1. Going by C-beta contacts inside 10 Å, put 153, 219 in order with the fewest on the left.
2. By per-residue mean of other Cβ atoms within 10 Å, what is the highest-first order of 18-28, 202-212?
3. For segment 6-224, just run the numbers: alpha carbon Rg, then divide by 2.2 N^0.38 Å, N being how many residues it has.
4. Cα centroids of segment 90-112 and segment 181-200: how far apart, whole angstrom?
5. If I fit a long axis through the Cα atoms of helix 40-52 and take the longest principal axis of the Cα atoms of the chain, what angle between them do I get, 0 to 90°, rounded to 10?
6. With the Cα gyration tensor of segment 177-227 giving a ≥ b ≥ c as the square roots of its eigenvalues, does the rule (a/c under 1.5 for rounded; else a/b larger than b/c for prolate; else oblate) give rounded, prolate or oblate?
7. In nm, give the distance between the simple-model label positions of residue 92 and residue 140, each being 7 Å from the Cα along the Cα-to-Cβ direction.
8. How tilted is helix 16-25 with respect to the longest principal axis of the chain? Cα atoms for both, answer in degrees (0 to 90, nearest 10).
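Read the figures in this text as sums done on the coordinates, not as results from a lab. Since the model is a prediction, treat every value here as computed from it, not as a measurement. When we count neighbours, we look across all protein chains shown, and the Cβ atoms used for this are built from the backbone with ideal geometry, even at glycine.
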Ligand SMILES: NC(=O)c1ccc[n+]([C@@H]2O[C@H](COP(=O)([O-])OP(=O)(O)OC[C@H]3O[C@@H](n4cnc5c(N)ncnc54)[C@H](OP(=O)(O)O)[C@@H]3O)[C@@H](O)[C@H]2O)c1
């Protein structure tokens, strides 16, 4: 028997972890994949690249949206901005606002916008948020713990954890998880270290294809993480 078709939107999939998640998913003939980003050209380039990949069998479409833009109406997977050294230039208030606009409330608003569509799904609707281990308040509050990111990024990912819990509890029919991909070599961390995005994206693919874990749930490749 053929597998039921699954529609998956991967936000921020023109590059980095999102692109690699899309690349894994593009090999599956039962997937209708929506490659998404804020720049139409970059999204189109990503689609062309995926089509040239060996074994690309998914049905490919695009969704151009900026999850910071209130007019954008679709999203499943969260894109992010890194803090870097911008505090001096832009001020902490601006950095907080801009980072939360994408990592936290942009994701929440976009997920809310998608809920009516998700609820019509007959294959077990799910939302896979991409968070970070540094969003764990339990870990951060432990004495002696040295975080590997800054206060703004951590807070935005803690907020995403809270959003994940609220979305899951308010919508029991939708399976909602937040995942930590670990340290991955992408533009966001200035290509500074970690595993290749092809590896880092696998956890996202697993949770996108199957309702794994509990809803709400917070996981990395090793298993459950403390909120
Ligand atoms: N890399 C790591 O070590 C690491 C660790 C833990 C968690 N994460 C999380 O993994 C996710 C992906 O990060 P990455 O490392 O793959 O970063 P990346 O290479 O910088 O990719 C980020 C993607 O998000 C898109 N994006 C940024 N702002 C957007 C917006 N306002 N609307 C729509 N799309 C937007 C980017 O599009 P453009 O090309 O248009 O900018 C790009 O496609 C993030 O949520 C990040 O916090 C990463």
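1. Values: 153 23, 219 19.
Least to most surrounded, the residues fall as 219, 153.
2. 18-28, 202-212
3. Working it through for segment 6-224, the quotient is 0.97.
4. Between the Cα centres of segment 90-112 and segment 181-200 lies a distance of 22 Å.
5. 50
6. prolate
7. A separation of 1.3 nm, rounded to one decimal place.
8. 30
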